[in-house]
1. Based on C-alpha coordinates, I'd like the Rg and Dmax of the chain, in Å.
2. If one puts a single equal scatterer on every Cα of the range 428-496 and applies the Debye formula without solvent, what log₁₀ I(q)/I(0) results at q = 0.22 Å⁻¹?
3. For Asn247 and Ile168, FRET efficiency with R0 = 56 Å and r from the beta-carbon atoms, rounded to 0.05?
4. Can you list residues from other chains, or at least 5 along the same chain, whose modelled amide H is less than 5 Å from the amide H of Leu458?
5. Test of the criteria: in the range 282-383, which trypsin sites (Lys or Arg not before Pro) are in a DSSP loop and have at most 15 other Cβ atoms within 10 angstrom of their Cβ?
6. Treating only the Cβ atoms of Lys and Arg (+1) and Asp and Glu (-1) as charged, compute the dipole magnitude of the chain about its Cα centre; round to the nearest 20 debye.
7. Cross-link candidates for Lys227: which lysines have Cα within less than 17 Å, leaving aside residues fewer than 8 places away along the same chain?
8. Could you grab the relative contact order for the chain? Cα pairs under 8 Å, six or more apart, rounded to a whole percent.
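Derivation of every value follows stated rules applied to the coordinates shown; laboratory data play no part. Quick caveat, the model's predicted, so the values are computed rather than measured. All Cβ positions, glycine included, derive from the backbone under ideal geometry; neighbour counts span all protein chains shown.
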Amino acid sequence: MSDLLSKILKLVDSNNGVIQNTLQAPELANIDSNTLHSALSSLWSKEMVNFTKIEQDQWVLTKEAEEYLKAGATPEVQVVDEVLKALEGLTISQLKEKLGPVGIVGQGKAFKNKWLSKDGDKLIAQVKDLPTDFVLQELETIKKTGSLDDKKELVELKKRKLINLMKIVGYKIEKGPKFALEIVNLETDITSDMIMNQSWKTAQFKPYNFNSEGVYPQSGALHPLNKVREEFRQIFFSMGFTEMPSNQYVESGFWNFDTLFVPQQHPARDLQDTFYLKDPVKAKEPEDKEYWNNVKQVHQEGKYGSIGYRYPWSADESLRMVLRTHTTAISSALLYKLAQDPKPTRLFSIDRVFRNEAVDATHLAEFHQVEGVIAGYDITLGDLIGFMDDFFGKMGVDNLRFKAAYNPYTEPSLEIFAYHKGLKKWVEIGNSGMFRPEMLETMGLPSNLRVLGWGLSLERPTMIKYGVSNIRELLGHKVSLDFIESNPAARLDELL
Ligand code: PHE
């Protein structure tokens, strides 16, 4: 490298301070452009030279053409040579034997050039002497200069696959402000040694390069779902909510369904909708036998003023293990706990749930739910609607519509719709309702402590926010890491 550096400096000096194009400088033309570039960068950082890149098209010989150069003749001339040499005459198959595939190529060209004709199987020379090998001369010129004056011939040779056009890079080099023939090694740091021996006084320092991009620091990146999740968390915290511990994917049917007054024949509990565990098959019986029994009763014969569903409730069914189908299983467990010390409460969770669903561009068998519950004395459906306006208002969604719906655990239930300005239509953004007395009073909550709840998917707003149309680009093995790393933080103030 240092040889190359001083070679460049000497050359610049002997060329009156400027090399117009390294590709035309015989001493540098054969050095590969990357090597040359790093040498020039090193001299430039010492302010010894300035340089600019020159891109140039150049014709280069193919391997085939190089072979003809080596053989000293193009196929057509080789063929004529063989025919002239053969005193007895030459047949096509004899020629093939002598020259192989080159014979076939050369024969065609030689016919075309009228150097050769055919008499039956015999090849007859139409020239007395070996013709001048113009094509070979052209190839030699191209090898030397990278070009040819006769542009028509260039096209011809390209067609014959004897030459190819390549982009090559050269440089214009000029003296820099600190040009010298000797390279001084510039110091990059002051060391304690330099201070002690006073050499810092005379040392030459490398200037800072403020244009250098520097090395991009390697670091982890939050997944877009995590960014949007964080945004939701902050909204919940700002509204006085506490986060529920939701870090368990497996629930018993009891907590996922029965405590929520979902009857055991409900289609949501079918194998087609819910993933059941093979191992362990069965959950432990709940410790609170009284609650366990009250849940049974409220389903089977009714209690707390409800007539119930009136079907034989099965303990085995409620002890089946499931991948939770909604985070409402967690809400249920926390509301049950709240019954020990009932008071107005705001709780939320954002976590993963599982449903045995047909997978398509917008659905996977697992997704994340954003869920909130509010317990308050004598709160009503009006509070639910008012709160939804506030909650979604924090995301810039201020035009909500509600539609009566059905959930086994809420009555009344409302689907929440918002107007999507981009899609120009009303889209469903959530599901909500007032939890049923059959659920709350069984837990032991006082009947005037009413609880409202709502849920939405985390994926939906994330896909809207980041413009992702296929869920597989967001979750799973097809996700591009680049997409994860380069996405900005989410701001939910304008969700739709
Ligand atoms: N569990 C409901 C769902 O999965 C959401 C919801 C939660 C609805 C709480 C009402 C109350 O869609």
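1. Cα radius of gyration and Dmax of the chain are 41.5, 122 Å respectively.
2. -0.95
3. 0.40
4. Those qualifying (amide H under 5 Å, at least 5 residues apart or on another chain) are His368, Gln369, Val370.
5. Lys284, Arg310
6. 940
7. Leaving aside lysines fewer than 8 places away in the same chain, those within reach of Lys227 are Lys394, Lys465.
8. Here the relative contact order equals 14 percent.
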